[in-house]
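Engineer: First the structure, then my questions, so here it is.
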Amino acid sequence: NLPTSMADIQSRYQAVPYGWKEIDIAAVMAQLIFDQKVTVKYAGTTIQPNNPKLPDMLRKKSEIGKTLVSTRQIVTVAKMKAVKEFLRSYFDVMDVPADEDGLIAFIIDRFTKQKEHYAELEKRYEGHKYPDHALVQNAITLIDDVLSQQKDNIALIDRVLKKADDLLDNKDDMANVEGFFKNQITVFDAAVKLEHDLANELDYLSKEPEANTALNQIRLIIVVNAGDSKYVYKRIPELNGLMQTVHEGHDRLLTAKRDELLEIVRQCMQAIHTAANSNPDSKNVITTADAFYDGRKKRIGELQSLALLDGLVPTMLSHKDEACSKLEALNRPAPAPTPTPQPDKSDKPAP
């Protein structure tokens with residue numbers, strides 16, 4: 001019952017009356033480990049049979065002094081049965097190892113992979129306000145708590161059983177998060193983008209009551225507040241119909257606004273061409289103006305923002321005024337030449 005190192009065992013069984021070889025002693029210990037009759041610990045951590053450094057721990061002189069061996073404390077049959085039943089339910093599998101070492105390896109492997117998966121989900125929250133961020137963080141913390149006991153087989157099994165209810169509750173809650181990232185994130189992101197793009201269009205949308213109401217409903221679904229207790233995932237499918245309503249109303253406003261601006265373009269170009277008065281010297285001004293308004297017509301067709309479309313009006317009117325001023329100057333009659341004064345002949349000196 002005293003702490004026993006592999007150095008003690010090697011020393012004793014290499015000595016008289018045994019005289020065994022170092023490798024034979026290590027081989028016997030390996031068989032005991034395989035038969036799950038002893039527990040090997042290194043630096044306080046239980047070493048699993050599949051650890052690639054285990055052979056060195058059993059025979060390498062620099063390692064055997066740090067390797068402690070003890071008679072294995074057997075996990076009770078009741079605990080083994082309970083933890084296997086839980087693992088089958090939690091991971092939705094039927095094939096769970098029946099032996100202790102296999103079971104421990106299974107627990108560590110499955111929970112480690114689950115933590116990695118949750119960590120990947122957690123990364124997707126960066127730069128976004130998706131629902132239930134805190135739930136994902138709590139899930140990672142819960143699995144960390146379980147894996148913190150992996151240094152000792154019995155402690156690990158006890159921790160799994162202790163946290164069984166919390167793990168099952170968390171798995172149920174995470175089902176919504178898993179479904180969101182698998183099936184709903186695309187429409188959610190589209191709704192977030194639409195709401196952001198229309199942030200400066202609210203005054204315009206007030207002329208489309210149905211679209212305005214739909215946008216308000218979108219905002220209620222996509223805005224996630226830290227204090228919200230439960231996010232209602234079942235409302236996300238509504239976003240498709242709501243976005244269609246908003247797009248239809250906004251498109252009607254865009255069409256009307258484009259027609260309005262195209263009429264301004266027509267009036268500006270008409271005013272400029274009228275001001276040219278068929279003056280051949282006005283060609284450069286007319287050419288520049290035509291190119292400018294052609295570009296504005298193209299821009300009018302491209303812009304999807306009512307506010308940005310309205311922003312085109314001042315420059316179009318300003319360009320018209322500037323062009324007309326230049327044309328008026330070109331059409332203004334040149335001033336009559338001032339006659340050069342001639343000297344008075346009476347003022348000539350006498351010869």
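The values are calculated or read from the model by the stated rules, or taken from the named source; none is laboratory data. This structure is a prediction, so every number in the text was calculated from the model and none was measured. Here the Cβ positions follow ideal geometry from the backbone for every residue, glycine too, while neighbour counts run over all protein chains shown. Surface areas here come from the heavy atoms of the whole protein model, side chains and all, with no ligands, DNA or RNA. Shrake-Rupley method; radii C 1.70, N 1.55, O 1.52, S 1.80 Å.
Engineer: Per the Kirkwood definition applied to all pairs of different Cα atoms, how many angstroms is the hydrodynamic radius of the stretch 209-262?
Structural biologist: Answer for the stretch 209-262: a Kirkwood hydrodynamic radius of 12.7 Å.
Engineer: Calculate the dipole size of the chain relative to its Cα centre from +1 charges on Lys and Arg beta carbons and -1 charges on Asp and Glu beta carbons; express the result in debye to the nearest 20.
Structural biologist: In debye, rounded to 20, the chain gives about 1020.
Engineer: Restricting to Cα pairs below 8 Å that are 6+ residues apart, what does the relative contact order work out to for the stretch 105-193? Please round to a whole percent. Working shown, then result.
Structural biologist: Working: 36 pairs, mean separation 24.0, N = 89.
Dividing the mean separation by the residue count of the stretch 105-193 yields 27 percent.
Engineer: Let me ask you something else. Calculate the all-directions average of the projected area of the stretch 9-48's alpha-carbon convex hull, and give it in nm².
Structural biologist: Details: hull surface 12.7 nm².
With every direction weighted equally, the projected area is 3.2 nm².
Engineer: Can you give the helix-only mean residue ellipticity at 222 nm for the chain, where every DSSP H stretch with n ≥ 4 adds -39500 (n - 2.57) and the sum goes over all residues, rounded to the nearest 500 deg cm²/dmol?
Structural biologist: For the chain, the value works out to -21000 deg cm²/dmol.
Engineer: Going by the alpha-carbon gyration tensor, a ≥ b ≥ c the square roots of its eigenvalues, is the stretch 185-237 rounded (a/c under 1.5) or, if a/c is not under 1.5, prolate (a/b greater than b/c) versus oblate?
Structural biologist: Details: a/c = 2.02, a/b = 1.88, b/c = 1.07.
Prolate, since a/c reaches 1.5 and a/b exceeds b/c.
Engineer: Count the net charge of all other residues whose Cβ sits under 11 Å from the Cβ of ASP310, scoring Lys and Arg as +1 and Asp and Glu as -1.
Structural biologist: -2
Engineer: What does the accessible area per residue of the stretch 72-132 come to in Å², with a 1.4 Å probe and no ligands, DNA or RNA counted? Can you show the working numbers first?
Structural biologist: Details: 3480 Å² over 61 residues.
Averaged over the residues of the stretch 72-132, the accessible area is 57 Å².
Engineer: I'm a student and want to see the number: the projected area of the Cα convex hull of the stretch 186-340, averaged over all directions, in nm².
Structural biologist: 13.8
Engineer: Now for a separate question. List the pairs from LYS66/LYS115; LYS298/LYS326; LYS21/LYS79 whose alpha-carbon separation is above 29 Å, in the order I gave them.
Structural biologist: Distance filter (> 29 Å) returns LYS66/LYS115; LYS21/LYS79.
Engineer: Between THR213 and THR255, what FRET efficiency follows from the Cβ-Cβ distance if R0 is 25 Å, with the result rounded to 0.05?
Structural biologist: 0.75
Engineer: Let me ask something else about it. In the stretch 26-144, what percent of the accessible surface is made up of carbon and sulfur (1.4 Å probe, ligands and nucleic acids excluded)?
Structural biologist: Percent of accessible area from carbon and sulfur atoms in the stretch 26-144: 56.
Engineer: For the stretch 97-234, what is Rg from Cα atoms divided by 2.2 N^0.38 Å, rounded to two decimals?
Structural biologist: Compactness ratio reported: 1.44.
Engineer: Still on this structure, please answer the following. Kirkwood hydrodynamic radius of the stretch 172-212 from all distinct Cα pairs, in Å?
Structural biologist: For the stretch 172-212, the Kirkwood estimate is 12.2 Å.
Engineer: If you project the alpha carbons of the stretch 262-336 onto their three principal axes, what span does each projection cover, largest first, in Å?
Structural biologist: 54, 17, 16
Engineer: Report relative contact order for the chain in percent, whole number only (criteria: Cα-Cα under 8 Å, sequence separation at least 6).
Structural biologist: 11
Engineer: Sort the stretch 259-306 into rounded, prolate or oblate with this rule: let a ≥ b ≥ c be the square roots of the eigenvalues of the Cα gyration tensor; rounded if a/c is under 1.5, and if a/c is not under 1.5, prolate when a/b is larger than b/c, oblate otherwise.
Structural biologist: Numbers: a/c = 5.35, a/b = 2.15, b/c = 2.49.
It is oblate, given that a/c is not under 1.5 and a/b is not larger than b/c.
Engineer: Further, regarding this structure: What is the distance in Å between the Cα centroid of the stretch 204-274 and that of the stretch 111-150?
Structural biologist: Here the two parts' Cα centres lie 37 Å apart.
Engineer: Pop the C-beta distance of ASP290 and LEU220 into the FRET formula with R0 = 45 Å and round what comes out to the nearest 0.05.
Structural biologist: For R0 = 45 Å, the calculated efficiency reads 0.40.
Engineer: While we're looking at this one, here's another question. Calculate the all-directions average of the projected area of the stretch 7-165's alpha-carbon convex hull, and give it in nm².
Structural biologist: In nm², the orientation-averaged hull projection of the stretch 7-165 is 11.6.
Engineer: Continuing with the same structure: Can you give the Rg and Dmax of the stretch 171-275 based on its C-alpha atoms, in angstrom?
Structural biologist: So, for the stretch 171-275, Rg and Dmax equal 19.7, 76 Å respectively.
Engineer: Over the stretch 176-291, what is the relative contact order in percent, taking alpha-carbon pairs closer than 8 angstrom and at least six residues apart?
Structural biologist: Relative contact order of the stretch 176-291: 27 percent.
Engineer: Starting from the Kirkwood radius over alpha-carbon pairs of the chain, derive D by Stokes-Einstein at 4 °C in a medium of 1.567 mPa s and give it in µm² s⁻¹. It would help to have the intermediate numbers written out before the result.
Structural biologist: On the way: Rh = 29.0 Å.
Diffusion coefficient, whole number: 45 µm²/s.
Engineer: With springs connecting C-alpha atoms under 10 Å apart, model the chain as a Gaussian network and identify which of THR186, THR76, THR141 has the largest mean-square fluctuation.
Structural biologist: With Cα springs under 10 Å in the chain, the top fluctuation among THR186, THR76, THR141 is at THR76.
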